[in-house]
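The values are calculated or read from the model by the stated rules, or taken from the named source; none is laboratory data. Please read all numbers here as calculations on a predicted model, not as lab measurements. For neighbour counting, all protein chains shown are included, and Cβ atoms are generated from backbone atoms with ideal geometry for every residue, glycine included. Each accessible area value is taken on the protein alone, full model and side chains, heavy atoms only, with ligands, DNA and RNA left out. Shrake-Rupley method; radii C 1.70, N 1.55, O 1.52, S 1.80 Å.
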Amino acid sequence: MNDVPHKRRSIIVIGGGISGLSAAWRVQQTFQKSGAPIALQLLERSSATGGSLQSAARDGFLFEAGPDCF
């Protein structure tokens with residue numbers, strides 16, 4: 001078996017919408033299984049992740065918002 005240590009990889013995911021979050025999760029899972037170290041950074045310009053998908057609680061109800069619903 002090769003005992004050479006893994007080189008740390010730097011990965012940047014641009015966008016914290018559902019696609020960016022999914023990509024970051026998949027990258028993290030893949031590298032975790034391999035044991036290779038990574039520096040994963042997610043860049044999002046707004047103050048919240050999720051893109052156009054949002055949830056809000058009001059008067060005991062949960063409202064879901066998305067690209068084709070309110």
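Specify the angular offset, from 0 to 90 degrees and rounded to the nearest 10, of the alpha carbon long axis of helix 18-34 from the longest principal axis of the alpha carbons in the chain.
Taking Cα atoms only, the helix is inclined about 30 degrees.
Ignoring ligands and nucleic acids, what accessible area does residue 59 show with a 1.4 Å probe (Å², nearest 10)?
Per-residue accessible area (residue 59): approximately 140 Å².
Tally Lys/Arg at +1 and Asp/Glu at -1 over every other residue whose Cβ is under 15 Å from the Cβ of residue 37; what's the total?
Values: positive: 7, 8, 9, 33; negative: none.
Result for the local shell: +4.
Mind telling me which of 15, 60, 35 comes out most flexible in a GNM of the chain, alpha-carbon contacts under 10 Å?
Looking only at 15, 60, 35, the largest GNM fluctuation is found for 60.
Summing +1 for each Lys or Arg and -1 for each Asp or Glu, what net charge is found among the other residues whose Cβ lies under 15 Å from the Cβ of residue 25?
Working: positive: 26, 33; negative: 44.
Net charge in that neighbourhood comes out at +1.
Compute, for residue 18, the solvent-accessible surface of its heavy atoms (probe 1.4 Å) with the complete set of protein chains present, and express it in square angstrom to the nearest 10.
My reading of the accessible area for residue 18 is about 100 Å².
So who's got an amide H within less than 5 Å of the one on residue 40, skipping anything under 5 residues away but keeping other chains? H placed 1.01 Å off N, in plane.
11
With a cut-off of at most 14 other beta carbons within 10 Å, and DSSP calling the residue loop, which trypsin sites (Lys or Arg not before Pro) in the chain qualify? Please list them.
Qualifying residues, ordered by number: 7, 8, 45.
So how much slack lies between residue 9 and residue 68, counting 0.36 nm per residue of separation and subtracting their Cα-Cα distance, in nm?
17.5 nm
Counting only other residues whose beta carbon sits under 12 Å from that of residue 16, what net charge do I get with K and R as +1, D and E as -1? Mind showing how you got there, number by number?
Details: positive: 45; negative: 44.
Result for the local shell: 0.
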